[in-house]
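Inspection log for the structure reproduced underneath, given as structure tokens.
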Amino acid sequence: EVTLTRERYRVPRLPFSRLSDSDLAFFERMMPGRVVTDPEELKPFNVDWLKSVQGCSKLMLKPQTTAEVSQILRYCYERNLAVNPQGGNTGLVGGSVPVFDEIILSTFLMNQIISFDKVSGILVCQAGCILEKLNEYLEEQGFVMPLDLGAKGSCHIGGNVATNAGGLQLLRYGSLRGTVLGLEVVLADGSALDCLTSLRKDNTGYDLKQLFIGSEGTLGVITAVSILCPQKPQAVNLAFLGCQNFSKVLETFTTCRAMLGEILSACEFMDEKCMELVERHLKLSSPVTGSPFYVLIETSGSNSTHDKEKLNNFLEQVMTSGLVTDGTVATDDKKIKTLWSLRERITEALTHDGYVYKYDISLPVGKLYDLVTDMRARLGQSAKNVVGYGHLGDGNLHLNITTESYSHSLLDAIEPFVYEWTARYKGSISAEHGLGFKKKQFIQYSKPSEAVVLMQRFKAMLDPKGILNPYKVLPASS
């Protein structure tokens, strides 16, 4: 069952052309066998991963090269046909599926690694490479990707860059705005912009790639990426700890930053409700139980003896001071993976619990859990579960509310309250998921009107006909 959010937002279809037989004939001639028109085959690409929004595209194109993407967009621009760029379709804000009948431009077949430099650690690859596959390739060479997220098995690097995906290792490696060195992008009119530089430092003029990182396919279609990859850590340790309240979670985080310093690579938290759902729906079991909060701390370094000593000192400190009441440590790969899955698979567990209302918020770390507490009190019995988890290291809360099925009145109780609350503490209404279709009309809670107007001007300049991923990211300009 898909909830058609476009009815709620009363979005009218813009005056784009409709697909004709001659359009289909053109694409068939251009890329025979890579044109999908069968409604059954198109179904999964018209619905988002959460099954919360659904489009009705009648055509999906699967280019293999930048030249083909150029040809497609040049044609669509002339014909005024709207286009929805799509990677792994793992987005959580309805940005990766059509709203109406936009043509789906899939990067699925653009999965070639172009080059990798073992001295500098710079990888150049096509946009359709799957994150996990890239990581496997790099690990063989002694490197890793600078980002890691739950959807790694199906998300594409182009989509990661287009949404400026954050993930589990941002604390250590920073955001894609820092690790992406260059991009190749095709603009709305089909012209290709080759800024695929592999330089760490390049101060010549405006940094155009930043415009496309996080633009969610509305300003151009990313076709290739140049990205700086760190060396694979020699020693990885994971501590999974139980805390009695959120202020102890915060103190544990402050202590781990001070004591673990340069080897700290992730610091995540989850509440006991998350753990219950992961155990109930996915049958995973945790070695640490009976705490209201759990903290997962990962260290990655080059010297296992040194790292273990640091971690042990930290654990001794937090246990003796009463910040942590229970915990376990993993040093071998298998146990590390098992513990990580308790955190990484929360999203999946939530989808088994019913309909999910998802919020991805940045807040001052001290305020992180207050929103969950306030939302729980506000919704009372009308919600099945209200849970909070996320990236403690960078102040990113994932607030999730589940119910048996979608309800208008519950959504009205949540929105705009959740955004007003966030704005009051100068947070961001989207820390890492983007705005997509579902949050675009709430942008004013995080950005001043002058900034939104400037964004609309960029959009109008780069995509004058508005054919790229329409109805997403920005509110309609008045």
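With a cut-off of 8 Å between alpha carbons and a minimum separation of six or more residues, what is the relative contact order of the chain in percent?
After rounding, I find 15 percent.
What percentage of all Cα-Cα pairs in the stretch 5-106 are separated by more than 22 Å? Could the numbers behind the result be given before it?
Numbers: 1420 of 5151 pairs.
More than 22 Å apart: 28 percent of the Cα pairs in the stretch 5-106.
Using the Karplus curve 6.51 cos²θ - 1.76 cosθ + 1.60 with θ = phi - 60°, work out ³J(HN,Hα) for each residue of the stretch 206-218 in order, rounded to whole Hz, and write x for Gly and Pro.
Karplus values, whole Hz, x for Gly and Pro: 5, 8, 5, 4, 4, 5, 8, 5, x, 8, 6, x, 9.
Give me the tail of P(r) for the stretch 113-228 as a percent: Cα-Cα pairs with distance above 25 Å.
14 percent
Which value in deg cm²/dmol, rounded to the nearest 500, describes the helix-derived mean residue ellipticity at 222 nm for the chain, given -39,500 (n - 2.57) per DSSP H run of n ≥ 4 and division by the residue count?
Computed mean residue ellipticity for the chain: -9500 deg cm²/dmol.
How far apart, in nanometres, would the label points at S302 and H408 be if each is projected 7 angstrom from Cα along the Cα-to-Cβ direction?
My value for the distance between the label points is 6.1 nm.
Taking a point 7 angstrom from the Cα of E279 along the C-beta vector, which residues in the stretch 236-267 have backbone N less than 18 Å away?
Under cut-off, by backbone N: 240-245.
Collect residues whose amide H, placed 1.01 Å from N in the peptide plane, falls under 5 Å from the amide H of G88; neighbours closer than 5 in sequence don't count.
H156, G159
What list of ³J(HN,Hα) couplings, whole Hz, do you get for the stretch 309-323 from phi and the Karplus terms 6.51, -1.76, 1.60, once you set θ to phi - 60° and write x for glycine and proline?
Calculated HN-Hα couplings, in order: 4, 4, 5, 5, 4, 4, 4, 4, 4, 6, 6, 5, 7, x, 6 Hz.
Using a Cα-Cα cut-off of under 23 Å, which lysines could be cross-linked to K447, ignoring same-chain neighbours fewer than 8 residues away?
Reachable lysines: K209, K358, K367, K426, K438, K439, K459, K472.
Residue farthest toward the positive end of the dipole of the stretch 319-374, with Cβ of Lys/Arg at +1 and Asp/Glu at -1: which of V356, W340, A330?
A330
At 0.36 nm per residue, and after removing the present C-alpha to C-alpha distance, how many nm does the segment from D189 to S115 gain when stretched out fully? Mind showing how you got there, number by number?
Working: separation 74, 0.36 × 74 = 26.64 nm, distance 2.81 nm.
That works out to 23.8 nm of additional length.
Can you tell me the dipole magnitude for the stretch 433-478 around its Cα centre, using point charges on the Cβ only (Lys, Arg +1; Asp, Glu -1), in Debye to the nearest 20?
Dipole magnitude for the stretch 433-478 comes out near 140 debye.
Which aspartates and glutamates, on any chain, are close to K43 with Cα under 15 Å apart, when same-chain ones fewer than 8 places away are left out?
Counting by Cα, and skipping residues close in sequence, K43 has these aspartates and glutamates nearby: E1, D101, E102.
Suppose every K and R has +1 on its Cβ and every D and E has -1 on its Cβ; what is the size of the dipole of the stretch 114-214 about the Cα centre, in Debye to the nearest 20?
Its charge dipole is roughly 280 debye.
Label points 7 Å out from Cα along the Cβ direction at T325 and R18: separation in nm?
6.4 nm
Looking at the stretch 233-346, I'd like the Rg to Rh ratio, where Rg is from alpha-carbon atoms and Rh is Kirkwood's inverse mean 1/r. If you can, show how the numbers build up before the last one.
On the way: Rg = 13.4 Å, Rh = 14.1 Å.
Rounded to two decimals, Rg over Rh is 0.95.
For M319, M375, M461, M455, what's the largest-to-smallest order of accessible area, 1.4 Å probe?
Numbers: M319 90, M375 0, M461 125, M455 60 Å².
Per-residue accessible area, sorted high to low, gives M461, M319, M455, M375.
List every residue whose amide H lies under 5 Å from the amide H of C129, counting only residues 5 or more places away in sequence or on a different chain, with H placed 1.01 Å from N in the peptide plane.
Amide H neighbours of C129, under 5 Å, 5+ apart: I157, G158.
State the three equivalent ellipsoid semi-axes of the stretch 228-281, derived from the C-alpha gyration tensor as the square roots of 5 times its eigenvalues, in descending order and whole Å.
Semi-axes, largest first: 25, 18, 9 Å.
Separation of the stretch 273-342 and the stretch 79-132 by C-alpha centroid, Å?
After rounding, the separation between the Cα centres reads 34 Å.
Once label points are set 7 Å from the Cα along Cα→Cβ at both K51 and Y137, what is their separation, rounded to one decimal in nm?
Calculated label separation equals 3.4 nm.
To the nearest 20 Debye, how big is the dipole of the stretch 233-346 about its Cα centre, given +1 on the beta carbon of each Lys and Arg and -1 on that of each Asp and Glu?
The dipole of the stretch 233-346 has a size of about 240 debye.
Using only alpha carbon positions, build the gyration tensor of the stretch 353-477, then give the equivalent ellipsoid semi-axes as the square roots of 5 times its eigenvalues, largest first, whole angstrom.
For the stretch 353-477, the semi-axes come out at 28, 17, 12 Å.
Given the chain, what percent of its DSSP beta bridges are antiparallel, to the nearest 5?
90 percent
The values are calculated or read from the model by the stated rules, or taken from the named source; none is laboratory data. For clarity, every value in this text was computed on a predicted model and none was experimentally measured. For neighbour counting, all protein chains shown are included, and Cβ atoms are generated from backbone atoms with ideal geometry for every residue, glycine included. Remember, those area values only see protein heavy atoms, side chains included, never the ligands or the DNA or RNA. Shrake-Rupley method; radii C 1.70, N 1.55, O 1.52, S 1.80 Å.
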